[in-house]
Amino acid sequence: MRIRTFDEYQTAYQKSVDDPEEFWAEIAQNFQWRKPWTKTLQWNFSEPNIKWFIGGKLNITENCLDRHLIERGDQPAIIWEPNDPNEAGVTLTYRMLHDQVCRFANVLKRNGVVKGDRVCIYMPMVPELAIAVLACARIGAVHSVVFGGFSAQSIADRINDAQCKVVVTADGSYRGNKEIPLKSTVDDALIGCPSVQKVIVMTRTRTPVSMLKGRDIWWEQELKQVTADCPAEEMDAEDMLFILYTSGSTGKPKGVVHTCGGYMVYATYTFQNVFQYEPGQVFFCTADIGWITGHSYIVYGPLASGATSVIFEGVPTYPDCGRFWDITDKHNVNILYTAPTAIRSLMGFGLDKVENHDLSSLQVLGSVGEPINEEAWHWYDDNIGKNRCPIVDTWWQTETGGILISPLAGITKTKPTFATLPLPGVQPILVDENGKEIEGNGVSGNLCMKFPWPGILRTTYGDHERCRQTYFATYPGLYFTGDGCLRDEDGYYRITGRVDDVLNVSGHRIGTAEVENAINMHTGVVESAVVGYPHDIKGQGIYAYVITDQQPDGHDVELTKRDILATVTRVIGPIAKPDKIQFVTGLPKTRSGKIMRRILRKIAEGDTSNLGDTSTLLDPAVVDEIKAGAT
Ligand code: PRX
């Protein structure tokens, strides 16, 4: 599976375009299948209907666990680093992880979970989170992991959308010096979730929790009731593996669906090639398992490759800003995969807590989630990689299952801020507004894909039409990523950011419409408009223009702002809190009532010199008022 030279990359790429089925069939041979597939690919992007490895039978946990037992049963699969560096960590060998996954799979079974049922997982970054994920996969249940920072309302929406039968959670979680009550948030969520029959609660913080008779049970007590014998369920390659909710430009987050066979092959292939993973290496991805990065590159990709994957419970700045480097030295991390926002925030602390570390175990550095600016790229290269570790700037999305555009570490010549070249099997195309292909180099356009790869989403849960509309209808025959992109003279790709109303705040995807809906729920708010603006650390910050039913001087502005922030936290979670709120008496609207976000974006960016044509506005005077009050 491993490409080792640039020539090999080019040959592999060409083959993947000339004969994609043969190309992926050969790669898929490297996995353990219960039954081989009869047809490698069937697809169209119009319905869409995409199937890989048709008729193939497998269980992804046999690939992530069982098949490693003979050769590397005693090798660490997971190294867990707790929030508090003074607390003892946990190392689970492949044998131990296998044992624990089987046991917890039996707990799920005992509580009525059967193949196809949906299980919501809302947990801290502890080994039990990976165990719960894999236990679902073991018995063919579909996991829906919800990031531990989301609110009760967000959990409820996700549980109801997927009709989850069971929730797996913990009493609480630690993040830096904060203790976060997870179970009580779940309790609030479940007031409106009739589908949930059982809640399994793991003990982490010993925060007092209410345990509802007949519904709530303790993880630890349940484990006493089961054995470690749990044969894996035979799954079809196209059976659902998981749902992961992600924000779009309209409405509520949608449940992106990934299936067993294609996702496994793609996450693993990209893990091994992008990072040039060598057996025995320690891989540290700093993302949360609640996001796609954690699914593909903490759990499935590394474990299917027999790697050692580090799970870190805490935050980069606790107990101080040297924590990533402490972990790197302590566990001899070879490959570090993090986000530009983390790099930028650590840059701000200077080099004191970097220079007192060795960091010589590092061989490859990765970046993911948002465009990496040149300054951050060089800081990472100079101070962390000491100019000897290739940096892979990996571009991909929840919907793509794995990395699509990225250098192969040490093989592809890198260029700061460029994700460089498509991986084998990935066929990017740039189009203009009308869907016309923009050919040649030195051009920019909207980034689409013209051919499926095994990790592409199959649908959005419960609403296939929404999947079609969102990704496959804008430019017929193409998968539309929502990103703008530059292809330079060398044919290298640089992602320039979203072209839709999706924000990327600290690498988290947030829909402007979602934030507006949350703000509008606050009493007294008449209307709001949310845009992104450049933020030194977060990449993008959230700027909200809000109309209230009071005159600007008729209310305590600071208090109302705080109340709005509390409302957004309550409705979505703290990650969606606006950084700036400006009260206005009107919004720039066209005569047909459409908000001209372009103008609001410019004002938020502090660039009011040229607002473009405002003659189509219903009330051009509103723009001057907004300009005058910009924060
Ligand atoms: O805008 C792109 C940005 O993150 C979006 C996908 O977000 P999400 O589904 O949450 O997945 C994030 C982790 C894979 C993309 O549409 N993005 C992701 N990686 C990069 C990036 N933008 C620029 N460079 C990247 N390397």
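From the list 34, 67, 72, the lone residue that is within 22 Å of residue 116 (Cβ to Cβ) and basic (Lys, Arg) is 34. When residues in segment 382-412 are screened for being assigned to a loop (DSSP other than H, G, I, E, B) and either within 16 Å of the ligand (Cβ to nearest atom) or open to solvent by 10 Å² or more (accessible area, probe 1.4 Å) (or both), 17 of them pass.
Note on segment 102-129: among residues that are in a helix (DSSP H, G or I) and among the charged types (D, E, K, R), the one that is surrounded by the most Cβ atoms within 10 Å (Cβ to Cβ) is 128.
Among residues of segment 514-530 being crowded, with 20+ Cβ neighbours inside 10 Å and β-branched (Val, Ile, Thr), the one that is nearest to residue 564 (Cα to Cα) is 519. Taken together, 515, 502 contain a single residue that is within 14 Å of the ligand (Cβ to nearest atom) and modelled with pLDDT of 95 or more, which is 502. For segment 325-347, the count of residues that are within 16 Å of the ligand (Cβ to nearest atom), in contact (Cβ under 8 Å) with a residue 40 or more places away in the chain, in contact with a helix residue (DSSP H, G or I) (Cβ under 8 Å, 6 or more places away or on another chain) and polar (S, T, N, Q) is at least one. Of everything listed in (1) open to solvent by less than 10 Å² (accessible area, probe 1.4 Å); (2) under 15 Å from the mean Cα position of the chain (by Cα); (3) among the aliphatic types (A, V, I, L, M); (4) within 13 Å of the ligand (Cβ to nearest atom), the single unmet condition for residue 243 is (4).
A search for C-beta distances below 6 Å between a residue of segment 220-231 that is over 13 Å from residue 100 (Cβ atoms) and any residue that is charged (D, E, K, R) and loosely packed, with under 12 Cβ neighbours inside 10 Å, counting only pairs 6+ apart in sequence or on different chains, returns nothing. If I ask for residues that are outside any helix (DSSP H, G or I), open to solvent by 50 Å² or more (accessible area, probe 1.4 Å) and touching a Lys or Arg at 6+ places or on another chain (Cβ under 8 Å), which ones from segment 462-487 would you list? 463, the sole residue that qualifies. Within segment 144-165, not a single residue is open to solvent by 20 Å² or more (accessible area, probe 1.4 Å), aliphatic (A, V, I, L, M) and part of a strand (DSSP E or B). Within segment 538-549, one or more residues are in contact with a Ser or Thr (Cβ under 9 Å, 6 or more places away or on another chain), within 16 Å of the ligand (Cβ to nearest atom), open to solvent by less than 40 Å² (accessible area, probe 1.4 Å) and at pLDDT 95 or above.
If you go through segment 438-457 and pick out every residue that is within 30 Å of residue 160 (Cβ to Cβ) and surrounded by fewer than 22 Cβ atoms within 10 Å (Cβ to Cβ), you end up with 0. Checked against the criterion of being touching a residue at least 12 places away in the same chain (Cβ under 8 Å) and of a type in the set (S, T, N, Q), the candidates 63, 49 yield just one match: 63.
Only one of 494, 509 is more than 24 Å from residue 603 (Cβ to Cβ) and of a type in the set (D, E, K, R). Can you tell me which? Residue meeting the stated conditions: 494. When you look at residue 511, is it open to solvent by less than 20 Å² (accessible area, probe 1.4 Å), within 21 Å of residue 398 (Cα to Cα) and of a type outside the set (Lys, Arg), yes or no? Considered against the rule, which asks whether it is open to solvent by less than 20 Å² (accessible area, probe 1.4 Å), within 21 Å of residue 398 (Cα to Cα) and of a type outside the set (Lys, Arg), residue 511 comes out as yes.
Candidates 87, 71: the one that is free of Cβ contacts under 8 Å to residues at least 12 places away in the same chain, of a type in the set (D, E, K, R) and surrounded by fewer than 16 Cβ atoms within 10 Å (Cβ to Cβ) is 87. Within segment 601-618, the residues that satisfy the criterion of being modelled with pLDDT of 90 or more and open to solvent by 80 Å² or more (accessible area, probe 1.4 Å) are 601, 605. For segment 356-381, residues that are within 10 Å of the ligand (Cβ to nearest atom) and open to solvent by less than 50 Å² (accessible area, probe 1.4 Å) total 6. Of the helices (runs of 4 or more DSSP H) lying entirely inside segment 1-78, those containing at least 2 residues that are among the polar types (S, T, N, Q) and closer than 30 Å to residue 311 by Cα span 60-64. Filtering segment 172-194 to residues that are open to solvent by 20 Å² or more (accessible area, probe 1.4 Å), in a loop (DSSP other than H, G, I, E, B) and over 21 Å from residue 318 (Cα atoms) leaves 191, 192, 194. Of the residues examined, residue 213 is one that is at pLDDT 95 or above and open to solvent by 50 Å² or more (accessible area, probe 1.4 Å). Taken together, the residues in segment 488-499 that are within 12 Å of the ligand (Cβ to nearest atom) and either touching a Phe, Trp or Tyr at 6+ places or on another chain (Cβ under 8 Å) or not in a loop (DSSP other than H, G, I, E, B) (or both) amount to 6. When 442, 455, 435, 462 are checked against the criterion of being in the same structural domain as residue 340 (by TED's automatic domain parsing), in contact with a Phe, Trp or Tyr (Cβ under 9 Å, 6 or more places away or on another chain) and at positive phi, a single residue qualifies: 435.
The values are calculated or read from the model by the stated rules, or taken from the named source; none is laboratory data. Being a predicted model, the structure only gives us computed values, none of them experimental. Here Cβ is always computed from backbone atoms with ideal geometry, including for glycine, and neighbour counts include all displayed protein chains. SASA here: full protein model, heavy atoms, side chains in, ligands and nucleic acids out. Shrake-Rupley method; radii C 1.70, N 1.55, O 1.52, S 1.80 Å.
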